[in-house]
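The values are calculated or read from the model by the stated rules, or taken from the named source; none is laboratory data. Bear in mind the structure is a predicted one, so any value in this text is a computation, not a measurement. Using ideal geometry, Cβ is built from the backbone for each residue, glycine included, and neighbour counts are taken over all protein chains shown.
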Amino acid sequence: MFHPDSRDTYFAPFDAQINTFIEQHRGMLAASLGGLTEEEARRRLVPSKTTLLGLVKHAAFVERVWFGEAVTGESRAELGIPATPDESFDLEEADTIESVLADYAVAVAQSRQAVAEMNGDTLLPGNRRGPLPLRWVQQHLLRELAQHCGHADILRELILAARSRSQE
C-alpha cells in the first residue's frame, strides 16, 4: 500500500490511490476512540444521535451498504443491518468501544474481500440507484469517511477539553 504523502502515490494508478486514502480514513476514524472511556465514547455533545461510538458503528453500516448491498444486491435485512442510516447510529446497551471496533474491523475486512478482484470500472449491480461503477462507490465512501473523521475530530476535541477541565 502506498502512503498518501509518498512521492510514488502521486503517480500511482487511481485504484491504488483511492484505496490508500480510504484505508487512511478508516484508520483515523477507528483511532478516534483511542484512550476514551466508555462514557466518553457514548457522550452526546450535539442534538443529533452523533457520538464517537455511534460514528464508528455507522461506518460499519456504511461499509456493509456500499460493499455488501451494492456488490451483492442483498437487502439490508438480508445483510442484518439497519434499514436507514439514522438507525445505524443507535447504540445498544451491549455496544462497547471494543465490540464496535471489532465489528467495524469485520465490516472493513468484508469490504476489502468483496472488491478484491474488481477495478474502478466494475459495475456494482445492487444499489437502489441502479448499477454504479466501483470508482463512484469508492469516492462516495471516501467522502463519507472524511466527513465523519471531521465530526470525530471535533467531538474528540470537546471530550478531551471537558476531561482537562474536570481534572483542574
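Look at the range 91-114 and say how many of its residues are surrounded by 13 or more Cβ atoms within 10 Å (Cβ to Cβ) and among the acidic types (Asp, Glu).
2
Taking the range 96-126 on its own, how many of its residues are of a type outside the set (A, V, I, L, M, F, W, C) and in contact with a Gly (Cβ under 9 Å, 6 or more places away or on another chain)?
Start the filter on the range 96-126 by keeping residues that are of a type outside the set (A, V, I, L, M, F, W, C), which leaves 96, 98-99, 103-104, 110-113, 117, 119-122, 125-126.
If we keep only those that are in contact with a Gly (Cβ under 9 Å, 6 or more places away or on another chain) as well, we get 110-111, 125-126.
Of the residues in that region, 4 qualify.
If the requirement is being modelled with pLDDT of 95 or more and in contact with a helix residue (DSSP H, G or I) (Cβ under 8 Å, 6 or more places away or on another chain), which of these qualifies: GLN139, GLN113?
Selected residue: GLN139, the only one of GLN139, GLN113 that is modelled with pLDDT of 95 or more and in contact with a helix residue (DSSP H, G or I) (Cβ under 8 Å, 6 or more places away or on another chain).
Between GLU78, GLU74, which is surrounded by fewer than 18 Cβ atoms within 10 Å (Cβ to Cβ), more than 24 Å from LEU33 (Cβ to Cβ) and either basic (Lys, Arg) or touching a residue at least 12 places away in the same chain (Cβ under 8 Å) (or both)?
Of the residues listed, the single one that is surrounded by fewer than 18 Cβ atoms within 10 Å (Cβ to Cβ), more than 24 Å from LEU33 (Cβ to Cβ) and either basic (Lys, Arg) or touching a residue at least 12 places away in the same chain (Cβ under 8 Å) (or both) is GLU74.
Being in contact with a strand residue (DSSP E or B) (Cβ under 9 Å, 6 or more places away or on another chain) and either at positive phi or of a type in the set (D, E, K, R) (or both) narrows it down to one residue among ASP153, ASP121; which is it?
ASP121
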